[in-house]
Amino acid sequence: MARALAARVAITAGSPEKLELCRDLGAQITINYRDEDFVARLKQETDGSGADIILDIMGASYLDRNIDALATDGQLIVIGMQGGVKAELNLGKLLTKRARVIGTTLRARPVSGPHGKAAIAQAVAASVWPMIAANRVRPVIGTRLPIQQAAQAHELMLSGKTFGKILLTV
């Protein structure tokens with residue numbers, strides 16, 4: 001979606017296969033976090049400035065490094081906590097960069113109101129669905145399993161070896 005909005009996209013992944021899949025989806029900068037310092041690489045790719053926006057699914061385990069990777073006035077948007085919920089925050093780094101750390105989840109939102117789930121659904125219908133209809137964005141379905149294999153699907157998800165959504169068919 002970021003590419004469809006003309007953003008320059010950098011991603012991190014832990015395998016060559018996932019890096020290739022991300023390139024196929026439009027990522028211009030792909031970094032294997034197991035082999036390479038993603039902060040140094042992002043700085044190199046951005047002439048030393050860093051990322052304007054980081055969308056983080058890991059949470060605590062990457063907080064400090066993600067702040068290092070941010071550009072001045074950058075935003076770190078935390079949408080997951082796979083790497084933990086508690087971390088120490090160096091406020092000096094945050095202030096020096098005039099950076100913002102934003103946490104968000106759909107689960108905690110009310111259904112109605114200006115920032116509720118209904119408002120988000122309307123915004124998605126107005127902004128995202130037209131991109132899908134025009135084939136500018138496509139959902140990524142990595143695995144399809146019959147609903148009877150829901151336990152196997154859950155194990156697959158926990159393994160971290162998936163790419164895209166796991167679709168259970170009825």
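Bear in mind that the values in this text are calculations on the coordinates, not laboratory data. All values derive from a computational prediction rather than experimental measurement. Don't worry about glycine lacking a Cβ; one is built from the backbone with ideal geometry, like all the others, and counts go over all protein chains shown.
Things worth noting here:
- Under the span-like rule (Cα at least 18 Å along the axis, Kyte-Doolittle mean at least -1.0), DSSP H helices of the chain: 117-133
- For Gly103, residues with placed amide H under 5 Å, excluding near neighbours: Val78
- Ordering 38-49, 114-125 by mean Cβ neighbour count within 10 Å, with the highest value first, yields 38-49, 114-125.
- In the chain, Cα pairs under 8 Å separated by at least six residues give a relative contact order of 13 percent.
- The chain - Debye-derived log10 I(q)/I(0), Cα point model, q = 0.14 Å⁻¹: -0.96
- Each semi-axis of the equivalent ellipsoid for segment 1-58 is √(5λ) with λ an eigenvalue of the Cα gyration tensor; in descending order they amount to 16, 16, 10 Å.
- Above-threshold pairs, the threshold being 30 Å between Cα atoms, out of Lys97/Lys161; Lys86/Lys161; Lys97/Lys117; Lys93/Lys165: Lys97/Lys161; Lys97/Lys117; Lys93/Lys165
- The helix-based estimate of mean residue ellipticity at 222 nm for the chain, built from -39,500 (n - 2.57) per DSSP H run of four or more residues and divided by its residue count, is -10000 deg cm²/dmol to the nearest 500.
- A Cβ-based charge dipole, computed about the Cα centre of segment 56-102 with Lys and Arg at +1 and Asp and Glu at -1, lands at about 100 debye.
- Most mobile listed residue (Ile147, Ile31, Ile102) in the chain, GNM with C-alpha springs under 10 Å: Ile147
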